[in-house]
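Comments concern the structure below.
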Amino acid sequence: MAVTRHEELRVYRAGFRGAMRTFEAPKDWPKVERHSLVDQIRRSSRAVCANVTEAWRKRRYEKHFISKISDADAEAAETRTWLRFANQCGYLDSEDFDELDQTYDHLCGGLVITMKNPDPWCGPSKMTQEPPVAYTPDGHASTTDR
């Protein structure tokens, strides 16, 4: 699939969906968490997409591209940590936690694969090509788009 904008990347779309779900989750959490846990989880989940966007704009320079994808991966991992705290504190039920954690686990897998093989995005071709298979956290091909 030819990719012409960062919004078309699976890692961006997955990150955006995850951030929007993460935005909704804390609406019923205690007010005492508004300026700590809620702000942190929303910030880190949104930063995934922001870093993928920056990586896209820096794709002419492979090392810069990889660095920004690495930042996106770190933000996704941070989001998983905040989700774990929310679950352990009883703010996020186990079913919602498991679903969000799996979303970010798959997203981290896609970002790691992207870092390991930046050529389809950073190569000299005029059109960036995304591999025809979806990413999985263990590095195996999947036929579904997560």
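Derivation of every value follows stated rules applied to the coordinates shown; laboratory data play no part. Predicted model, so just to flag it, every value in this text is computed and none were measured. Heads up, the Cβs are rebuilt from the backbone with ideal geometry, glycines too, and the neighbour counts pull from every protein chain shown.
Structure notes:
- Packing here is the average count of other Cβ atoms within 10 Å per residue, and on that basis the peptides 85-96, 44-55, highest first, run 44-55, 85-96.
- Summarising the amide proton neighbourhood of Tyr91: residues at separation of 5 or more, or on other chains, whose placed amide H is nearer than 5 Å comprise an empty set.
- 10 Å-binned pair-distance histogram of segment 1-56 (Cα, whole percent): 24, 43, 22, 9, 2
- Cα extents of segment 2-129 along the three principal axes, largest first (Å): 50, 25, 20
- With both labels modelled 7 Å from their Cα along Cα-to-Cβ, the Phe85 to Asp98 distance reads 2.5 nm.
- The phi torsions of segment 17-23, fed into the Karplus equation with coefficients 6.51, -1.76 and 1.60 and a -60° offset, translate into couplings of 4, x, 5, 5, 5, 5, 5 Hz, rounded to whole numbers, with Gly and Pro shown as x.
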